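Here is the structure we will look at, set down as structure tokens.
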Amino acid sequence: MNKAATIIALILGLIITLLIYFDFDSKKNKNTFVFPNSIIVQNNTEYKSIDTLIMLSANKLFNYDTINIKVYYMQTSIVTTEDFIVYAYIQKDPNIDHSYILFLNRDISVSVEKIIAHEMVHLKQLEDGDLVQNSLGHVIYKGDSINLYKIKYNNRPYEIEAFKNESIIKNKLNHLLYKNK
């Protein structure tokens with residue numbers, strides 16, 4: 001190899017190294033956080049970013065100091081209904097304060113961030129007492145009893161609120177997660 005080719009190869013190698021270091025190192029562009037030991041997320045899925053998204057939502061957006069969320073895959077028998085595809089749902093553990101179980105669909109065709117943002121709106125509704133899961137097929141939302149069999153999914157008032165706020169939550173999470181956003 002002649003001298004000019006060696007110099008060109010070195011320059012290209014240096015440029016590639018600098019591009020990787022400055023532009024493609026996503027860990028360098030992410031913010032780091034410290035959470036209270038009472039913010040607990042037990043993620044039993046392959047979606048590894050969920051832990052961070054839930055802890056950020058609960059602690060940094062909603063200012064909760066204590067929350068316990070277990071994340072599991074849902075049973076395939078409840079993945080679809082006649083109205084919609086179920087990507088996730090959250091349930092309050094009736095036996096433990098500030099404790100929830102989040103069930104996720106194994107096959108998510110929309111962004112995980114969007115789904116978590118939507119479910120975190122429900123977490124806030126549940127935690128603040130606006131949404132009460134009182135029996136199978138019935139909830140109480142802001143004092144009104146709702147029969148889930150009589151109101152389509154998209155027309156349920158707590159779902160309307162979640163859809164309205166999921167983009168706001170997702171954007172806030174992105175601003176928290178990444179530097180210079």
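What follows is calculated from the coordinates using simple rules that are stated; it is not laboratory data. These figures come from a predicted structure and were not determined experimentally. Using ideal geometry, Cβ is built from the backbone for each residue, glycine included, and neighbour counts are taken over all protein chains shown.
Annotations for the structure displayed:
- Note that segment 127-135 has calculated 3J(HN,Hα) couplings of 5, 7, x, 6, 10, 10, 8, 9, 6 Hz, one per residue in order, obtained from phi through the Karplus relation 6.51 cos²θ - 1.76 cosθ + 1.60 (θ = phi - 60°); glycine and proline are x.
- Note on Lys48 and Lys172: with the Förster distance fixed at 30 Å, the Cβ-Cβ geometry gives a FRET efficiency of about 0.90.
- Remark: the Thr32-Lys60 segment gains 8.9 nm on full extension, using 0.36 nm per residue and subtracting the alpha carbon distance.
- In sequence order, segment 156-172 has phi-based couplings of 6, x, 6, 6, 4, 4, 5, 5, 5, 9, 4, 5, 5, 5, 4, 5, 5 Hz under the Karplus curve 6.51 cos²θ - 1.76 cosθ + 1.60, θ = phi - 60°, and Gly or Pro positions carry x.
- Straight Cα distances below 19 angstrom link Lys30 to the aspartates and glutamates Asp51, Glu113, with same-chain residues fewer than 8 positions distant left out.
- Amide H contacts under 5 Å for Ile40, placed H, 5+ residues apart: Ile67, Asn68, Ile69
- As a size descriptor, the averaged projected area of the C-alpha convex hull of segment 32-177 was calculated at 8.6 nm².
- Between Ser111 and Leu12, the FRET efficiency estimated from the beta carbon spacing at R0 = 41 angstrom works out to 0.70.
- Candidate cross-link partners of Lys92 among the lysines, defined by an alpha-carbon separation under 28 Å and a same-chain spacing of 8 or more, comprise Lys48, Lys60, Lys70, Lys114, Lys124, Lys142, Lys150, Lys152, Lys164, Lys170, Lys172.
- For the pair Ile96 and Asn147, the difference between a 0.36 nm per residue extended length and the Cα-Cα distance amounts to 15.8 nm.
- Compactness ratio for segment 105-181: Cα radius of gyration over 2.2 N^0.38 Å (N = residue count) comes to 1.25.
- The H on the amide N of His138, modeled in the peptide plane, is under 5 Å from the matching H of Leu148, each at least 5 residues off or on a different chain.
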